[in-house]
C-alpha cells in the first residue's frame, strides 16, 4: 500500500497539504496513529471545517484513533476559534480540527491542541509527528478495547462565552456587511446575529470548500474588494471579512478604508485598558507605535513580544497578559484560554464605537498618526543572520535605539524599521513605520536597496 505524505506539510503551527498529492487517506491514518503514539491521549475531540475533503478525512481520523483505543468526541463543523474554546472548556486530553485555514481549496490539514487550549507547535510535537510518520515504524497498536464515540455541539456555549466579553445592551444597531468567504464564519455568524442588534448584509455565507467567490484570505487586499464594494453600496457602518477557518478578521470603515492589524490592536487595547486598568497588554514586535501609546494613555501596561502564535501564547501565560494583538489579524485574550478569536476582536471594536458614539473612520483618524507599510516585504536571502547584522552595522551610528527581540529593530526620532527572519523559510521580512507618507516611501526604498545590495531578492 502506497502512503502519500510529503514531509514539508508539517509546519511551525499546523499541518497543511495539497490533497491528494501531498497527503492522502492513508497518510491521514498514519498521522492519526503517530499523534496517539506520541501524546498517548485517552480522550480526544475532533472537528472539521467545510473543505471538500474534510468530512472524509475526519471520519478516517476518528475511526483510526478509536481503533487505537482512544475515546472520541465528534465536534462536527467548527471554526478554529471554536476548537480553542472546546479545548479550554472541556476535559479531553487533545482537540484536533481538520482544516487548512485560509489556503486555496486544494489544501487541507490539521490544527492540534492539548488540554487547556495549548496549541501544539513544530517544536512541541508537530516535528515529532513528522519524524515518526516518515520513519519505518509500523505504528501498530495491540488494543483489545476500542475507544467510544460520542457527539458534542458546542455552538450555543461558544456564542455565550464570546458575548461575555462585551455588554450587549451597549451595542448600537449598526449596519454591518459580513463576508465569510464561504468559510466557517458563515456557520457561526448567524448565531451571533440573533443576539446582536445589527442589521447584517451577508456575503458568501454558504459553506463551500471550493471557495467560488474568492480565496478566504482577507489579509490580501484583493480579497477585501467584495466587502468594500458592498459597504460603499449600502452605506454600511462597518464591513468585516473573515478567513476560511474563522479565526482572523479584517475590517473596513464606512468609507471603505482598510483597517490594519495595528489599528485594530489599538482599538481593542483601549477598550480593555479602560475595563481592566493596570493589566499587562502585549503586542508583537512589528506592531506600530500607536499601540503602546494608547495602552499607556488608558491605564494599561504595554509589553512588546515576539511574532508568532506559539511564542505569543507562551508569553501571554508567562506574563498573565490580558490581550495581545498581531499585525497579521490574530488577537489573543486571556479570558479566552489565552487563545485568539476574530469575533471577540470585532465585538470589542464595535462596543467601543458604541460607547464613544463615534464612526469607525472617526476612531481610526484618532489613531492614524503614523504611516506604515500595508504589508511586510519579503526577501529571499542566503544567510538571514549575516544580512541582519550588516543592516545593523549600516544604521547603528544614527540610531536612537536598537533591539534584537525579534530580528533587528532600529529606532530613530521620526521613523523605525524591523527586519526579522521567517521561522519556516529562508526569508527576511521588512516592516517600516514613519511619521509621514513621504518619509515612509523614502526609507522603504532605501531599505529595499540596502537589503538587495546584501544579496537579498524581493519575493513577489
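Which percentage, to the nearest 5, of the DSSP beta bridges contained in the stretch 7-153 is antiparallel?
45
So what's the angle, to the nearest 10 degrees on a 0 to 90 scale, between helix 437-453 and the longest Cα principal axis of the chain?
On a 0 to 90 degree scale, this one is about 60.
Pull out a ≥ b ≥ c, the square roots of the eigenvalues of the alpha-carbon gyration tensor of the stretch 371-458, then state rounded if a/c is under 1.5, prolate if not and a/b is larger than b/c, and oblate in the remaining case.
prolate
Determine the calculated [θ] at 222 nm for the chain from helices alone, applying -39500 (n - 2.57) to every DSSP H run no shorter than 4 residues and normalising by the residue count; nearest 500 deg cm²/dmol.
Numbers: 14 runs with 160 residues, N = 460.
Using -39500 (n - 2.57) per qualifying helix, the result is -10500 deg cm²/dmol.
Full-extension gain between residue 21 and residue 453, please, as 0.36 nm times their residue separation minus the C-alpha to C-alpha distance.
Extra length available between residue 21 and residue 453 comes to 151.7 nm.
How do 356, 280, 396 line up, fewest other C-beta atoms within 10 Å first?
Sorted ascending by nearby Cβ count, the order is 396, 356, 280.
Using r as the Cβ-Cβ distance of residue 383 and residue 131, and R0 as 25 Å, what FRET efficiency do you calculate, to the nearest 0.05?
Computed FRET efficiency for residue 383 and residue 131: 0.40.
Can you give the relative contact order of the stretch 32-77 as a percent, counting alpha carbon pairs under 8 Å and 6+ residues apart?
54
What number, in percent, do you get for the relative contact order of the stretch 311-359 if the mean sequence gap of Cα pairs under 8 Å and at least 6 apart is divided by its residue count?
23
Nearest 5 is fine: what % of DSSP beta bridges in the stretch 89-234 come out antiparallel, could you say? Walk me through the intermediate numbers first.
Values: 7 of 12 bridges.
Percent antiparallel among DSSP bridges in the stretch 89-234 is about 60.
Suppose R0 equals 41 Å. What FRET efficiency, 1/(1 + (r/R0)^6) with r the Cβ-Cβ distance, do residue 141 and residue 52 give to the nearest 0.05?
Calculated value: 0.90.
May I ask you to compute the full-extension gain from residue 152 to residue 413, defined as 0.36 nm times their residue separation minus their alpha-carbon distance, rounded to one decimal in nm?
88.5 nm
Report, to the nearest 10°, how far helix 342-356 tilts away from the longest principal axis of the Cα atoms in the chain, using its own Cα long axis and a range of 0 to 90°.
The angle comes out at about 40 degrees.
To the nearest 0.05, how large is the calculated FRET efficiency for residue 67 and residue 8 if R₀ is 35 Å and r is the Cβ-Cβ distance?
Details: r = 28 Å, r/R0 = 0.80.
Rounded to the nearest 0.05, the efficiency is 0.80.
Pull out the extension gain between residue 438 and residue 355, defined as 0.36 nm times the separation in residues minus the alpha carbon to alpha carbon distance; nm, one decimal. Please list the in-between numbers first.
Working: separation 83, 0.36 × 83 = 29.88 nm, distance 3.50 nm.
Gain on extension, residue 438 to residue 355, equals 26.4 nm.
What fraction of the DSSP beta bridges in the chain is antiparallel, stated in percent and rounded to the nearest 5? Don't skip to the end; give the middle numbers.
On the way: 45 of 76 bridges.
Taking every DSSP beta bridge with both residues in the chain, the antiparallel ones total about 60 percent.
Mind pulling the angle between the C-alpha long axis of helix 225-234 and the longest principal axis of the chain? Nearest 10 degrees, somewhere in 0 to 90.
70
Shape verdict for the chain, please, from the Cα gyration tensor: rounded (a/c under 1.5), prolate (a/b greater than b/c) or oblate.
Oblate, since a/c reaches 1.5 and b/c is not below a/b.
What spacing in nm lies between the two simple spin-label points modelled at residue 426 and residue 169, each 7 Å away from Cα in the Cβ direction?
About 6.2 nm separates the two model spin labels.
Output the relative contact order of the chain, whole-number percent, from Cα pairs under 8 angstrom with separation of 6+ residues.
12
No value in this document is a laboratory result; all are computed from the given coordinates. Bear in mind that the values here come from a model prediction, so they are computed numbers and not experimental data. Note: ideal-geometry Cβ built from the backbone for every residue, glycine included; neighbour counts use all protein chains shown.
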